[in-house]
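Comments concern the structure below.
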Amino acid sequence: MFVAVVLTAFFSSCNMGENMFIASGYSGDGTSDVLLCRLNSNGSIEKISGITVGADPSYFTFGKEGLIYLVNEVDTFDMQAGGGITTLRYDKRTKNLEKISSINQGGGGPCHIEVSVDGKYLITANYGSGSVSVIKLNSEGIPEKVTDVIFYGEKSHPHMTIHNPRLHTYYISDLGLDRVHQLKLDTTLGLLMNADIAYFNSEPGSGPRHMAIDRSSANLYIINELNSTASVYNILSDTVAAKQTVSTLPEGYTEKSFCADIHLSRNGKKIYGSNRGHNSIVTFMVGADGKLSEPSHQNCGGNWPRNFAVSPSGKFFLVANQRSNEISAIPGSAERDGVTSSLPFNAPACVRFFR
């Protein structure tokens with residue numbers, strides 16, 4: 001009996017850990033703008049703790065030993081031109097979030113942050129200033145100094161960075177220039193350099209926003225904000241070009257809508273995207289050739305789904321519904337439409353489960 005109780009407690013604890021997540025968003029008066037929450041097995045959302053960071057901590061990523069790096073999506077930070085990076089630490093024992101440091105990262109309006117594959121740098125996509133920044137981390141993982149800022153011009157709006165481990169290349173989607181920059185990182189100097197081919201183009205007016213890459217690092221999936229499409233690129237070709245582009249909206253839908261986020265399922269057999277305006281999560285099946293099926297749709301549970309996350313079990317989506325000020329849990333399948341639960345949160349922008 002004792003062994004059974006211990007095993008039950010152990011597996012319950014593991015399940016809780018798998019379903020812990022962080023949510024961040026735009027700052028509001030007197031409210032936390034970063035939350036630590038739990039998604040329970042029945043789909044209910046439980047708030048554990050919160051912290052007020054300030055200066056619009058819109059997007060974040062995880063570092064080592066409980067560190068969380070958030071971009072401050074502003075044009076001036078710490079009385080200098082450029083946005084910021086605020087570092088938090090999550091304490092597993094107390095379930096609290098603590099502010100560790102903040103730094104100006106040299107580019108206005110940063111909207112995405114990524115840890116370099118070697119763990120020594122942060123890379124931010126700076127939508128507002130049309131630039132990309134590299135920030136060196138010290139031995140404890142704390143942002144130390146800006147080592148590089150690349151400006152692409154006033155029409156540029158970089159939106160995301162993703163790494164291809166097969167080609168040792170960083171891709172940066174540029175919504176303003178309708179292209180994806182291809183860069184290499186000098187991990188000694190902290191400098192980004194153009195790959196042999198500096199960029200490839202997307203369809204004019206498409207507005208490439210977020211990206212996902214398959215396990216083989218052969219196909220790059222891009223969700224295009226401005227024309228509500230998803231494109232598949234064969235990135236192993238010397239001349240990268242879209243081998244398929246499909247609408248993320250139902251046939252006949254004519255209202256305004258703008259795509260936001262994209263994710264592959266854990267087994268790589270499905271790909272999901274968010275439609276702001278149509279207010280849906282779109283699902284595609286992924287074929288053996290990497291191409292996408294006809295889409296299916298389900299209600300996002302609120303208004304203006306920005307980022308979303310797939311639960312570790314795959315049974316739920318967590319959706320940051322920015323304009324309805326809530327994080328919604330919805331079934332992880334279009335066949336089970338509906339809202340499981342929601343948590344009020346001012347202008348949420350990003351949700352991510354702990355890895």
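No lab work stands behind these numbers, since they all come straight from the coordinates. If you're wondering where the values come from, they're calculated on a predicted model, not measured in any experiment. Note that we place each Cβ from the backbone using ideal geometry, even for glycine, and neighbour counts take in every protein chain shown.
Extents of the stretch 265-329, taken as max minus min of Cα coordinates on every principal axis and listed largest first, are 39, 25, 14 Å.
Report the net charge of residues surrounding residue 126, where surrounding means a beta-carbon distance below 10 angstrom and charges are Lys +1, Arg +1, Asp -1, Glu -1. My count for the surroundings of residue 126 gives -2. The longest part of the chain holding none of the exposed loop GluC sites (Glu not before Pro), meaning those outside H, G, I, E and B in DSSP with at most 15 other Cβ atoms within 10 Å, is 256-355.
Going by neighbour counts of Cβ atoms within 10 Å, the residues 306, 336, 89 line up, fewest first, as 336, 89, 306.
Annotation for the stretch 113-182: trypsin sites (Lys or Arg not before Pro) lying in DSSP loop with at most 13 further Cβ atoms inside 10 Å of their Cβ are 155, 166. Between residue 117 and residue 98, the contour length at 0.36 nm per residue exceeds the alpha carbon distance by 4.3 nm.
Each label point was placed 7 Å from the Cα along the Cα-to-Cβ direction; for residue 214 and residue 42 their separation is 4.0 nm.
Test of understanding: what is the full-extension gain from residue 184 to residue 255, defined as 0.36 nm times their sequence separation minus their Cα-Cα distance? Contour length minus Cα-Cα distance gives 21.6 nm. Can you work out the PRE-style zone for residue 138? Point 7 Å along Cα to Cβ, and I want the residues of the stretch 94-120 with backbone N under 20 Å. Counting backbone N atoms under 20 Å from the label point, the list is 98-106, 115-116, 119-120. Please work out the Cα center distance from the stretch 155-205 to the stretch 305-327, rounded to the nearest Å. The two parts, judged by their Cα centres, are 27 Å apart. Applying the criteria of a DSSP loop state and at most 15 other Cβ atoms within 10 Å to the trypsin sites (Lys or Arg not before Pro) of the stretch 210-262 yields 215, 256. For the chain, the Stokes-Einstein estimate of translational diffusion at 20 °C and a viscosity of 1.002 mPa s comes to 104 µm²/s, using the Kirkwood hydrodynamic radius over alpha-carbon pairs. Its alpha carbons considered, the stretch 53-201 gives a radius of gyration followed by a Dmax of 14.7, 48 Å.
For the pair residue 246 and residue 289, a Förster radius of 22 Å applied to the C-beta separation gives a FRET efficiency near 0.95, rounded to the nearest 0.05.
Here the sum of -39500 (n - 2.57) over DSSP H runs of 4 or more residues, divided by the residues of the chain, equals -1500 deg cm²/dmol at 222 nm, to the nearest 500.
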